[in-house]
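Right, one structure below, let's go through it.
Bear in mind that the values in this text are calculations on the coordinates, not laboratory data. Remember, it's a predicted structure, so these values are computed and weren't measured experimentally. Using ideal geometry, Cβ is built from the backbone for each residue, glycine included, and neighbour counts are taken over all protein chains shown.
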Amino acid sequence: MTLSVTDRIESQPNQSCDVELAKGPWEFDLMPGYGPGASEEDTIPDPIVRPGQLPVVYQQMGEEELHERIRRAKDALGDRLVILGHFYQRDEVVQYADFVGDSFQLANAALTRPEAEAIVFCGVHFMAETADILAREGQSVILPNLAAGCSMADMADEDSVEEAWEQLTELYGTEPDADGRLPVIPVTYMNSSAALKAFCGRHGGIVCTSSNAETVLEWAFARGQRVLFFPDQHLGRNTAKAMGIPLEQMPMWNPRKELGGNTVEQLQDAQVLLWHGFCSVHKRFTAAQIEQARADHPGCKVIVHPECPMPVVDAADAAGSTDAIRKFVAASDPGDTIAIGTEINLVNRLAAEYPDRTIFCLDPVVCPCSTMYRIHPGYLAWVLDGLVEGEVRNRIVVSDEVAADAKIALERMLAAKPR
Ligand code: 13P
Ligand code: SF4
C-alpha cells in the first residue's frame, strides 16, 4: 500500500522538511510566513493577507464525513460545478477533480465548461485568477483555501516590475529596430499575479507556462530584441540556454538594486533579463542527488521540472512540465527505474499508477508544496456545501480593468502550444 504524503510525514518525521505539515492546514494558516515547508528565503508579501480560519465544525469533522459531504455536494450540483485539480494536489482532493493537469491544461480546461456556474480550483491563487480571467461572464471561480498562494509568484510584484521597466525604457528607448523589433518584450511565467499578466498585455508581452516556454520565447524574439523574464530565473535560464542563448547574455535582474545590479554594458548585450525569483520546492533538487540516484540505480532515467536550477536540468536525462513528466513515465517500459525531480504528490501518484516500474523522488526528504497542500478536503467540503446552500465562498475576482489587459497576454499564451 502506498502511504499518503501526510502519513509519510507523520511516520517518518526525520525524513520530512517539516513535521508540522502533517497538521491540518488551518493550524498553520495563522502562522507568520508561508508556514511549514516553505523556504526561509521566500519573500512574504506585505501586508500578509490572513484569511479567516476554516469553521471549527469542518476542522473537527472526521475524514469519512468530509468525503461524504463532498460526494453529496458534487452529486447535487452536477453540471453546475466543475472541479479543476493541479497535479501537485494531495490525492484526497485530486480524486474529486473533473480535470487534472498542468497549469497550461487547466487554463484550457477552464474554458471547456461554460455551462458550469462555478469552477472550484484546487490549485493555487494565480491559477484561480487565470481561470477567472478566462471564465465566461457570470461564472464564479472558487479557491477553497485563500492561503494557497505561490511563494515564487510573490517574488515579482507590480511596483518592482514597473520600476524595472522604467529603467529599461530609459536605457533602451522605445523605438523598434530596422526589423521592427521592440527593444524589450516582457514575458511573465504563469506563476505570477493577474496584475503582472496585465502588465505584459499592456506592453506587447505574453504569458508562458513550463510546457510552452520555448514557443513563447520564440514568439517574443520575433517581436523584440530582448526579453524581460519574470519571476522564475530557472525556467527562463533553462529555456533560453536550450535555445542556444549564451549564459553571459542572461544577466539576473535583482529588483533591490539599481539597474538590477548590472552595468549598462551588460544590459546592452543582454538577450534575456532574468528576474531574481525561484521556487522553494524545486530549488531543493541538486546534481548530487542525480549522481546518487544513478549510483544506487544504474541505468535509471532522470526527469526534472524546469523550475530546478540549471545544473540539475543539465545533469538530468530530460526536463519538462508536470504533464511532460507524466508522459515521460507513461512512455517508459515495465521494469524501468525513473528518478523524478518535482513535487512529491505527483511523484507518489505516478509511483502508485505504475507499480511495475520503480519511481522515486530525487529528494529523499518529503517536502510537498506547502501552499498547494493547503487545499485540504475540509476546505473543499466547506466551499461545496456553500454552493449547495446558494452561497459562493472564497470567490476569486479579478477586476475588469486588470482582466482586460491580462486576457490579451493569456490569449497569446494559449495560442503558443506546447511542443
Ligand atoms: P506546471 O505548469 O508544470 O504544472 O507547473 C506549475 C507549478 O507551479 C510548478 O511548480
Ligand atoms: Fe509555486 Fe513552487 Fe508551489 Fe509551484 S511548487 S505552486 S512554483 S511554490
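Restriction of the trypsin sites (Lys or Arg not before Pro) in the stretch 173-263 to DSSP coil positions whose beta-carbon has at most 14 other beta-carbons within 10 angstrom yields Arg256, Lys257.
Classify the stretch 66-132: rounded, prolate or oblate, from the alpha-carbon gyration tensor (a ≥ b ≥ c, eigenvalue square roots; a/c under 1.5 rounded; otherwise prolate if a/b is larger than b/c)? Because a/c hits 1.5 or more and a/b fails to exceed b/c, the stretch 66-132 counts as oblate.
Filter Lys241/Lys407; Lys23/Lys301; Lys241/Lys283 down to the pairs with a C-alpha to C-alpha distance above 23 Å, please. Over 23 Å Cα-Cα: Lys241/Lys407; Lys23/Lys301. Ordered by the count of other Cβ atoms within 10 Å of each Cβ, fewest first, Phe278, Phe221 give Phe221, Phe278. Contact order for the stretch 271-419, expressed relative to its length and based on alpha carbon pairs under 8 Å spaced 6+ residues apart, stands at 18 percent.
Net charge in the neighbourhood of Ala240 (other residues with Cβ under 13 Å of its Cβ; Lys, Arg +1, Asp, Glu -1) is -1.
For the chain, the longest principal axis of the Cα atoms and the long axis of helix 400-415 meet at an angle of about 80 degrees. For the stretch 155-279, the square roots of the Cα gyration tensor eigenvalues, ordered a ≥ b ≥ c, give a/c below 1.5, which places it in the rounded category. Exposure proxy for Asp385, Asp79: other Cβ atoms within 10 Å of each Cβ, ordered fewest to most, give Asp79, Asp385. 3J(HN,Hα) couplings calculated from phi for the stretch 316-332 with the Karplus curve 6.51 cos²θ - 1.76 cosθ + 1.60 (θ = phi - 60°) are, in sequence order, 6, 7, 7, 9, x, 4, 4, 6, 5, 5, 4, 5, 4, 5, 4, 8, 7 Hz; Gly and Pro show x.
Using θ = phi - 60° in the Karplus curve 6.51 cos²θ - 1.76 cosθ + 1.60, the 3J(HN,Hα) couplings for the stretch 187-193 round to 10, 10, 5, 3, 6, 7, 6 Hz; x is entered for Gly and Pro. Length gained on full extension, Ser399 to Tyr172, computed as 0.36 nm times the residue gap minus the Cα-Cα distance: 78.5 nm. For Arg357, the residues whose modelled amide H falls within less than 5 Å of its own, excluding neighbours fewer than 5 places apart on the same chain, are Gly335.
Calculate the length of the line joining the C-alpha centroid of the stretch 257-328 to that of the stretch 216-241, in whole Å. Value for the Cα centre distance between the two parts: 15 Å.
Under 1.5 on a/c is rounded, so check that first for the chain, then, if it is not, pick prolate when a/b is larger than b/c and oblate when it is not; a ≥ b ≥ c are the square roots of the alpha carbon gyration tensor eigenvalues. Oblate, since a/c reaches 1.5 and b/c is not below a/b.
Karplus-based coupling profile of the stretch 367-372, in residue order and whole Hz: 9, x, 5, 5, 8, 4, with θ = phi - 60° in 6.51 cos²θ - 1.76 cosθ + 1.60 and x standing for Gly or Pro.
Taking amide hydrogens as placed 1.01 Å from N in the peptide plane, the amide H of Val227 sits under 5 Å from those of Ile185, Val272, Leu273, each at least 5 positions away in sequence or on another chain. Compared with the dominant principal axis of the Cα atoms in the chain, helix 233-242 is inclined by about 60°. Amide H to amide H, with H built 1.01 Å from N, Arg395 comes under 5 Å of no residue 5 or more places away or on another chain.
Over all orientations, the stretch 282-361 has a Cα convex hull whose mean projected area works out to 4.5 square nanometres.
Compared with the dominant Cα axis of the chain, that is its longest principal axis, helix 213-223 is turned about 30°.
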